[in-house]
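Enquirer: The structure follows.
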Ligand code: 13P
Ligand code: SF4
């Protein structure tokens with residue numbers, strides 16, 4: 001059944017001139033039919049250069065919005081409209097404007113996991129793979145980092161030459177894991193390297209051999225000579241890596257590391273979107289787009 005649906009998808013995406021983008025957390029069967037699989041940064045860059053006139057995003061809403069900002073002439077569809085990111089929707093624009101007024105000499109650095117509305121008041125956007133590089137490269141010395149306090153703390157530690165103000169937002173999935181669970185995972189697999197996403201709590205990141213984006217974690221594990229790895233991000237990455245590298249062993253940091261929003265999109269959703277009976281077209285007013293895209297373009301300029 002899966003093969004049959006995949007064949008239909010491959011045929012329909014050509015017929016409808018559609019580029020399928022899949023975030024690294026998508027299921028193996030979706031990744032297999034995608035034109036590109038990657039982390040948030042790579043997806044936003046890729047979407048800009050894709051020749052197709054339609055983009056189907058298999059991921060969460062802020063990712064589809066980012067694609068629309070960069071490619072307004074394209075028809076961008078979010079494969080499953082229920083796929084949101086709780087972190088992206090955590091902070092209201094009014095709150096950030098209030099904080100900004102208390103720190104007028106601070107540049108607002110927004111994690112890409114934010115709504116389009118929040119991006120309209122950000123000076124620059126960052127992803128987990130580009131945050132350190134961009135915060136170092138941007139000329140501003142004072143940075144108000146929103147919304148993820150864990151990623152913000154990680155960047156702050158890597159860029160001690162700048163001043164950071166952090167707010168207390170974050171990813172409910174990654175924040176679920178505490179130090180004790182990380183210590184227990186390391187004790188259970190003493191020969192494994194520990195790879196984490198910087199959305200994890202600082203006390204968990206402190207125990208890691210490597211911290212990086214979803215794509216960074218996968219690349220590190222694939223290129224390493226080590227044979228065993230504890231993976232500190234959504235458990236889909238454990239599954240992908242184990243599938244591609246049966247000669248190595250991959251262990252989840254926690255069975256609770258599952259982003260349910262990323263699990264919502266199915267292969268059937270992809271098929272239905274291509275048949276024109278599913279998904280949600282991203283519509284954005286031009287004023288919001290023009291204001292929000294500036295921080296994405298600055299991200300690409302500093303992060304490339
Ligand atoms: P990446 O930038 O690593 O793809 O992260 C996106 C995300 O939402 C991780 O939880
Ligand atoms: Fe958002 Fe966290 Fe899910 Fe990533 S893992 S999409 S940050 S809720």
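Enquirer: If I ask for residues that are more than 16 Å from the chain's Cα centre (by Cα) and crowded, with 24+ Cβ neighbours inside 10 Å, which ones from the stretch 110-122 would you list?
Expert: 118, 122 - these are the residues of the stretch 110-122 that are more than 16 Å from the chain's Cα centre (by Cα) and crowded, with 24+ Cβ neighbours inside 10 Å.
Enquirer: Scan (1) buried (at least 20 other Cβ atoms within 10 Å of the Cβ); (2) away from ligand 2 (no atom under 16 Å from the Cβ) for the single condition residue 183 breaks and write down its number.
Expert: (1)
Enquirer: Hey, another quick one. Can you tell me how many residues in the stretch 164-218 are away from ligand 1 (no atom under 13 Å from the Cβ), touching a strand residue (DSSP E or B) at 6+ places or on another chain (Cβ under 9 Å) and assigned to a helix (DSSP H, G or I)?
Expert: 6
Enquirer: Has the stretch 222-229 got at least one residue that is touching a strand residue (DSSP E or B) at 6+ places or on another chain (Cβ under 9 Å), under 19 Å from residue 131 (Cα atoms) and more than 12 Å from ligand 1 (Cβ to nearest atom)?
Expert: So far as the stretch 222-229 goes, no, none of its residues is touching a strand residue (DSSP E or B) at 6+ places or on another chain (Cβ under 9 Å), under 19 Å from residue 131 (Cα atoms) and more than 12 Å from ligand 1 (Cβ to nearest atom).
Enquirer: Can you confirm whether residue 135 is assigned to a strand (DSSP E or B) and either buried (at least 21 other Cβ atoms within 10 Å of the Cβ) or away from ligand 1 (no atom under 16 Å from the Cβ) (or both)?
Expert: Here the answer is no, as residue 135 does not meet what is asked.
Enquirer: Which condition number does residue 271 fail, the rest of (1) within 16 Å of ligand 1 (Cβ to nearest atom); (2) in a helix (DSSP H, G or I); (3) surrounded by fewer than 21 Cβ atoms within 10 Å (Cβ to Cβ) being met?
Expert: It fails just one condition, (1).
Enquirer: Sticking with this structure for a sec: I need the full set of residues from the stretch 155-180 which are out of contact with any helix residue (DSSP H, G or I) (no Cβ under 6 Å at 6 or more places or on another chain), under 23 Å from residue 236 (Cα atoms) and within 16 Å of ligand 2 (Cβ to nearest atom), in order please.
Expert: Across the stretch 155-180, the qualifying residues are 171, 172, 173, 174, 175, 176.
Enquirer: Further question on the same structure: Which condition breaks for residue 177 when tested against (1) surrounded by 15 or more Cβ atoms within 10 Å (Cβ to Cβ); (2) closer than 17 Å to residue 249 by Cα?
Expert: Evaluating residue 177 over (1) surrounded by 15 or more Cβ atoms within 10 Å (Cβ to Cβ); (2) closer than 17 Å to residue 249 by Cα leaves (2) as the failure.
Enquirer: Further, regarding this structure: Which one of the conditions (1) more than 13 Å from ligand 1 (Cβ to nearest atom); (2) under 19 Å from the mean Cα position of the chain (by Cα); (3) more than 26 Å from residue 27 (Cβ to Cβ) does residue 125 fail to meet, given that it meets all the rest?
Expert: In the conditions (1) more than 13 Å from ligand 1 (Cβ to nearest atom); (2) under 19 Å from the mean Cα position of the chain (by Cα); (3) more than 26 Å from residue 27 (Cβ to Cβ), residue 125 misses (1) alone.
Enquirer: Being surrounded by fewer than 16 Cβ atoms within 10 Å (Cβ to Cβ) and touching a strand residue (DSSP E or B) at 6+ places or on another chain (Cβ under 7 Å) is the filter here, so list the residues in the stretch 274-301 that pass it.
Expert: 281
Enquirer: What is the one condition in (1) more than 15 Å from residue 149 (Cα to Cα); (2) more than 16 Å from ligand 2 (Cβ to nearest atom); (3) in contact (Cβ under 8 Å) with a residue 40 or more places away in the chain; (4) crowded, with 16+ Cβ neighbours inside 10 Å that residue 96 does not satisfy?
Expert: (1)
Enquirer: Among the residues of the stretch 229-259, count how many are under 14 Å from the mean Cα position of the chain (by Cα) and part of a helix (DSSP H, G or I).
Expert: Residues meeting the conditions: 2.
Enquirer: Quick one: would you say residue 207 is touching a helix residue (DSSP H, G or I) at 6+ places or on another chain (Cβ under 8 Å), farther than 20 Å from residue 104 by Cα and surrounded by fewer than 20 Cβ atoms within 10 Å (Cβ to Cβ)?
Expert: Considered against the rule, which asks whether it is touching a helix residue (DSSP H, G or I) at 6+ places or on another chain (Cβ under 8 Å), farther than 20 Å from residue 104 by Cα and surrounded by fewer than 20 Cβ atoms within 10 Å (Cβ to Cβ), residue 207 comes out as yes.
Enquirer: Which residues, taken from the stretch 144-163, are more than 16 Å from ligand 1 (Cβ to nearest atom) and assigned to a strand (DSSP E or B)?
Expert: Correct list: 144, 163.
Computed from the coordinates by the stated procedures, all read-outs in this text should not be read as laboratory data. For clarity, every value in this text was computed on a predicted model and none was experimentally measured. All Cβ positions, glycine included, derive from the backbone under ideal geometry; neighbour counts span all protein chains shown.
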